[in-house]
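The values are calculated or read from the model by the stated rules, or taken from the named source; none is laboratory data. None of the values given here were measured: they were computed from a predicted structure. All Cβ positions, even for glycine, are placed from backbone atoms using ideal geometry, and neighbour counts span all protein chains on display. Only protein heavy atoms, including side chains, enter the accessible area calculation; ligands, DNA and RNA are left aside. Shrake-Rupley method; radii C 1.70, N 1.55, O 1.52, S 1.80 Å.
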Amino acid sequence: MLRISRRWALIGLMGLLLAPAVPARADDLLVFAAASTKDAATEIGKAYEAAGHGKVTFSFASSSDLAKQIENGAPAAIFISADTKWMDYLADKKMIVGDSRKDLLGNRLVLIAPQDSTLKVDLGPNAPLAQALGDGKLAMGDPDAVPAGRYGKAALDKLGIWPSVEGAVVRAKDVRATLALVERGEAAAGIVYSTDALISKKVRVVGDFPPDSYPKIIYPAALVAGHDDAAAKDFYAFLTGPKARDVFLDYGFTVAGASAATN
């Protein structure tokens, strides 16, 4: 059974954070990671600490918010983005250690509904998603900023579905906020990563988006320039190593170089 771990967050930088945060101690290693990696990354951090290493504190949010916080001086040592766009954003500003960048993970895009819902959609071209929603809402990450939302809109556009559902869309701040809306029944359906659906007992997958309907989902990771000290490099090696790989695979991610990985 997947273990759900307590979330850590960074103290707010004025006007930047969207939710209350918990301050990190000065001696903690701070990792900024896409919201969809929360459970796996937290477990990896605990395994690292249990092996006798230092304390790791995570801040989980949308990749766009995290990248902008780093741009504005947040002291993160490592960044894990849910897409290449926001890693490129920091790379263009020379805010990551270029030769540390790795394509760490992959994922799939699915449609979910509350566990007791009867909704089911075959997500092919011109699929009747709008009819299936009825008067209900479709939750997804904000397509203007959130990677899961951009992947989702790309898929809906490719399948010719977006014009019929755009008016029903509720734009969430990140993929876990999307999941929560569906869990609470505030949206009839939602677009999330397959890993998000896997960790919840309150939703079920009601449709799989064809892999060729959206860009390949890649999670790049990198050390943040100016914070790449020995402690950061040590955890980064652990994060990209075999023990962390096994945890990511357990949570349903695909991992570069792992025999079980397919995307």
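Pairs please, first residue from the range 129-145 and over 17 Å from Arg184 (Cβ atoms), second anywhere and assigned to a strand (DSSP E or B), Cβ atoms under 7 Å, 6+ apart in sequence or on different chains.
Asp142/Arg171; Asp142/Ala172
Can you give me the ranges of the helices (runs of 4 or more DSSP H) entirely in the range 29-139 with at least 3 residues that are farther than 23 Å from Gly252 by Cα?
Of the helices (runs of 4 or more DSSP H) lying wholly inside the range 29-139, those with at least 3 residues that are farther than 23 Å from Gly252 by Cα span 63-71, 84-92, 129-133.
Mind telling me which of the residues Asp228, Asp174, Asp157, Asp196 ends up being buried (at least 17 other Cβ atoms within 10 Å of the Cβ) and over 16 Å from Asn107 (Cβ atoms)?
Going through Asp228, Asp174, Asp157, Asp196 in turn, just one is buried (at least 17 other Cβ atoms within 10 Å of the Cβ) and over 16 Å from Asn107 (Cβ atoms): Asp228.
Output the residue which, of all residues in the range 177-193 that are open to solvent by less than 10 Å² (accessible area, probe 1.4 Å) and in a helix (DSSP H, G or I), is nearest to Gly149 (Cα to Cα).
Thr178
Give me a count of the residues in the range 66-99 that are more than 11 Å from Pro147 (Cβ to Cβ), surrounded by 22 or more Cβ atoms within 10 Å (Cβ to Cβ) and of a type outside the set (A, V, I, L, M).
1
Taking the options Gly167, Gly226, Gly207, name whichever one is of a type in the set (Gly, Ala, Ser), outside any helix (DSSP H, G or I) and more than 27 Å from Ala91 (Cα to Cα).
Every option except Gly207 fails the conditions.
What is the residue count in the range 144-154 for residues that are open to solvent by less than 20 Å² (accessible area, probe 1.4 Å) and assigned to a helix (DSSP H, G or I)?
Within the range 144-154, residues that are open to solvent by less than 20 Å² (accessible area, probe 1.4 Å) and assigned to a helix (DSSP H, G or I) number 5.
Starting from the range 83-100, take each residue that is hydroxyl-bearing (Ser, Thr, Tyr) and list its partners that are open to solvent by less than 70 Å² (accessible area, probe 1.4 Å), counting only C-beta distances under 8 angstrom and pairs at least six apart or across chains.
Thr84/Ile218; Thr84/Pro220; Tyr89/Ala67; Tyr89/Glu71; Ser100/Ala222; Ser100/Leu223; Ser100/Asp228; Ser100/Tyr236
Where residues in the range 160-171 are more than 21 Å from Pro215 (Cα to Cα) and in contact (Cβ under 8 Å) with a residue 24 or more places away in the chain, which of them is least open to solvent (accessible area, probe 1.4 Å)?
My answer is Ala168.
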